[in-house]
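Beneath this line is the structure, given in structure tokens, with notes to follow.
Throughout, read-outs are computed from the coordinates displayed, never taken from laboratory work. This one's a predicted model, so the numbers in the text were calculated from it and none came from an experiment. As a convention, Cβ positions derive from the backbone with ideal geometry for all residues, glycine included, and neighbour counts pool all protein chains shown.
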Amino acid sequence: MQQIKYIDCFASVDRWSGKDSEAPWTVEKMLSDMERCRIHGALVYSNFAKELQPSVGNRLVSELCRKNPRLIPCWVALPHHCNEMSEGAKFVQEMLDNGVKAVKLFPKMHRYLLNERTIGSLLGALQEIGLPVLIDRGEHEPSVQQIDWEEIGPLCTKYPKLNVILHGVRWEATRYLLPLLQQFPNLYFEFSNHQGNRIIEFLVEKIGLDQLLFGTQMMEKSPGAAKAFIDYANIGDEHRRKIAGENLIRLLKLENIPSDYPDDHTEDIILQKARKAEPIDDMEVIDAHAHISEKGHSDNIIAFMPNSDAAGVVERNRRIGVDITCVSSWIGIWTDYKRGNQITHQAIVDFPQNIIGYATLDPNDVQDWSAELKRCYEDYSLKGIKPYFPRNRIPYNSSKYEPWFKYGHDYHLFALMHFSDNFMAEMEELASKYPEISFLLAHSGMTYETMKKHVELARKFKNVFCEITYTSVTNAVIEHMVREIGSEKVIYGSDTAMRDPIPQFGWLAYADISESDKRNILGRNMRKIIDRCFSK
Ligand SMILES: [Zn+2]
């Protein structure tokens, strides 16, 4: 049977600014990642073109793609007025002569206005010839916000036949994005940063398939994360084919379609199952980090997150084979811890086999600690500790937290620790003061910098573990953790239903580590941590 072709619309070559020395970047590594993840082709631009000299980077990327049939060249353009690049039609002719299939623009970084006066001749020529323009629209990071939301409508109106591909749109941005997608059929986007819960299924229903693309943001992000998101989406294979590659093949007018990979011979069962989009059903899989909405309610001010109550989380996690999800309620960490603990308790009542609960207590409000602890752990059967500095602003080593951590220590509980302003020092103190609490450091995979700090703590304290989840799905960071501290110290978590769990799972399932390491991270380690709770 012919493979579903995966063609990545968002990848770049050459080192990028701010790259950690450990972060892999070479073309050889890109090609081997693509093979492991079964990604057949990638549209690539040069980071050198983005960050220094487009003309040099463009030439290099063209040479590279001539040698590697799985890579498809994308050039970076500047306006022509200063004679740095040819004017519109001539530039496009140079692209065609070199087999270049798309143009990426960085208006803010390259200091020009994205309007007709400045770059209109190029946009007009691209519209004429039918090749797409790519622009970063991240969300938080200024470096990946090259177009404002307000600019997108006028651009798509002014050039109604120009295909505009947005890179890096994040999951918080659905309310900005969807009305634009609905109005402008010439607007496209990819999911590397948009890991919204069930977003693929939702958008397919809402706007159809034609505007949805597969993108990874290689080499910064794990390509396996983006690949799994499309693979496991609850849509038919005919739909999957379009999002995975056919839409981009159409947009690029691609004639030489990258070839299939040889049949699967890996002995890694987790990798085999991921490639076939099957759930991991031969072991107990535990998601250590998740949040639920109130039963029957899914609206949330942070982001659009459909089906985010316990029923929705349990059902979504079943697609990848997660048996147990460890949850805290949104409202519990956000405003009303009492109501939050009731919601978590209800989730345990409704899904006793699938949900383990974190207690959420705000020391600013707790009056009677022994009554609260009894309610949470005896009456509600919660097991975890989930303090949350971003909302209550209390350092974790404050005496205000003492009764809770003391209780956790006495009963061997586990605590999921989100960053605070002085996180390393606070954790150092807690880890040695409460050796019987298993501390899971949340979001250890966010960046190499964070990972290295967390790894140091996990190396130093036997009760400290690194939980991975983050939107950045930083490429090869899990491999690094496993090398440094062993897979026994690494824990799988997804932060669903804020993010969809599938990309986080794909990040791990496609990691270049052994099957046994993956199984430790996916569930065996967390099982041991859970079994310690209330043990003698
Ligand atoms: Zn979280």
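Computed values, structure above
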quantity: Principal-axis tilt of helix 223-232 within the chain, Cα atoms, nearest 10 degrees; calculated: 80 degrees
quantity: Mean separation of Cα contacts under 8 Å, 6 or more apart, over the residue count of the chain: relative contact order %; calculated: 13 percent
quantity: Residues with amide H under 5 Å from that of residue 10, placed H, sequence gap 5 or more; calculated: 43, 216, 217
quantity: Compactness index (Cα Rg / 2.2 N^0.38 Å), region 218-260; calculated: 1.29
quantity: FRET efficiency for residue 479 and residue 295, using Cβ-Cβ distance with R0 set to 30 Å, rounded to 0.05; calculated: 0.15
quantity: Computed over region 7-252, Kirkwood Rh from alpha-carbon pairs, angstrom; calculated: 18.0 Å
quantity: Whole-Å distance, taken between Cα centres, linking region 297-365 and region 418-491; calculated: 23 Å
quantity: Cα convex hull volume per residue for region 249-311 (Å³); calculated: 181 Å³
quantity: Angle in degrees between helix 116-129 and the longest Cα principal axis of the chain, rounded to the nearest 10; calculated: 80 degrees
quantity: Beta bridges per DSSP with both ends in region 7-252, % antiparallel, nearest 5; calculated: 5 percent
quantity: Förster radius 25 Å - calculated FRET efficiency between residue 336 and residue 398, Cβ distance, rounded to 0.05; calculated: 0.75
quantity: Angle between the chain longest axis and helix 448-460 axis [Cα atoms, degrees, rounded to 10]; calculated: 30 degrees
quantity: Which of 37, 65 has the fewest Cβ neighbours within 10 Å, and the rest in rising order; calculated: 65, 37
quantity: q = 0.13, 0.16, 0.17, 0.19 Å⁻¹: log10 I(q)/I(0) that the Debye formula gives for region 1-110, counting C-alpha atoms only; calculated: -0.51, -0.75, -0.83, -0.99
quantity: Point-charge dipole on Cβ atoms (K/R +1, D/E -1) for the chain, about Cα centre, debye to 20; calculated: 300 debye
quantity: Region 322-330 - phi-based ³J(HN,Hα) in whole Hz, Karplus 6.51/-1.76/1.60, Gly and Pro as x; calculated: 6, 8, 10, 10, 8, 10, 10, 8, 4
quantity: Residue 261 versus residue 110: modelled label distance in nm, points set 7 Å from Cα along the beta carbon direction; calculated: 3.3 nm
quantity: J(HN,Hα) series, region 371-380, from Karplus relation 6.51 cos²θ - 1.76 cosθ + 1.60, nearest Hz, glycine and proline x; calculated: 5, 5, 5, 4, 4, 5, 9, 8, 6, 9
quantity: Principal semi-axes in Å for the chain [√(5λ), Cα gyration tensor, largest first]; calculated: 43, 23, 22
quantity: Residue-averaged [θ]222 nm for the chain, counting only DSSP H segments that reach four residues, each worth -39500 (n - 2.57); calculated: -11000 deg cm²/dmol
quantity: Cα centroid separation - region 1-74 against region 137-201, whole Å; calculated: 22 Å
quantity: Additional length obtainable on full extension of the chain from residue 432 to residue 117, 0.36 nm per residue less Cα span; calculated: 107.1 nm
quantity: Equivalent-ellipsoid semi-axes of region 49-193, from the Cα gyration tensor, Å, largest first; calculated: 24, 17, 15
quantity: Distance histogram in 10 Å bins (all Cα pairs of region 126-280, percent per bin); calculated: 10, 38, 35, 13, 3, 0
quantity: Overall form of region 359-496 per C-alpha gyration tensor (a/c, 1.5; a/b vs b/c); calculated: prolate
quantity: Extreme residue, positive dipole direction of the chain, given options 342, 468, 121 (C-beta unit charges); calculated: 121
quantity: Exposed-site-free run, longest, the chain (rule: GluC sites (Glu not before Pro); DSSP loop; at most 11 other C-beta within 10 Å); calculated: 268-536
quantity: Simple Cβ-charge dipole of region 7-252, Lys/Arg +1 and Asp/Glu -1, about Cα centre, in debye nearest 20; calculated: 240 debye
quantity: Taking region 7-252 and dividing mean pair separation by its residue count, relative contact order in percent (alpha carbons under 8 Å, at least six apart); calculated: 18 percent
quantity: Rg over Rh [alpha-carbon atoms, Kirkwood Rh] for region 258-389; calculated: 1.11
quantity: Which of 159, 45, 470 has the fewest Cβ neighbours within 10 Å, and the rest in rising order; calculated: 159, 470, 45
quantity: Beta bridge orientation in the chain: antiparallel %, DSSP, nearest 5; calculated: 5 percent
quantity: Length released on extending from residue 141 to residue 527, taking residue separation times 0.36 nm less the Cα-Cα span; calculated: 135.3 nm
quantity: Ranked list, fewest to most other Cβ atoms within 10 Å of each Cβ, for 451, 424, 446; calculated: 424, 446, 451
quantity: Over region 434-536: Kirkwood hydrodynamic radius from C-alpha pairwise inverse distances, Å; calculated: 13.6 Å
